[in-house]
Amino acid sequence: MLRERTIERSKPRRRPPIDSGQRGWTRRELSALVEPSRNEDGNIRYDLFEDGGKPGLFVLIEEWASVDQTRHHEHSAHIRHFHANGDKNVETRTSRMF
């Protein structure tokens, strides 16, 4: 199963515009998810990209061997940590499964 997640913080309605410090912090927090996710059972691919034309737009491409392993990943400690600490810098999030 392949999943693409897009994470963005831009043109917020109530939040101040993202600055390079926030973008760097978000990049570091998202980057910290890569290795632990790649080491999980069932992970085939876990890659992080930032759109060069739109700083602050990050894309995670994930591929898992099964839906059950994807669900297990969503409840792993490093993902829970990001949701508890990193979500404050996320304006929008989309997810597509293939």
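The values are calculated or read from the model by the stated rules, or taken from the named source; none is laboratory data. Values in this document were obtained by computation on a predicted structure and should not be read as measured data. Please note: Cβ atoms are built from the backbone with ideal geometry, for glycine as well, and neighbour counts cover all protein chains shown. When the accessible area is computed, the model is the full protein with side chains, heavy atoms only, and any ligands, DNA or RNA have been set aside. Shrake-Rupley method; radii C 1.70, N 1.55, O 1.52, S 1.80 Å.
Structural remarks
- Of the strands (runs of 3 or more DSSP E) lying entirely inside the range 27-98, those carrying at least 3 residues that are under 22 Å from L2 (Cβ atoms) and open to solvent by less than 70 Å² (accessible area, probe 1.4 Å) are 43-50, 57-64.
- Boolean, S10 is modelled with pLDDT of 85 or more and open to solvent by less than 70 Å² (accessible area, probe 1.4 Å): no
- Within the range 57-98, considering residues that are in contact with an Asp or Glu (Cβ under 9 Å, 6 or more places away or on another chain) and among the aliphatic types (A, V, I, L, M), the one nearest to L33 (Cα to Cα): L60
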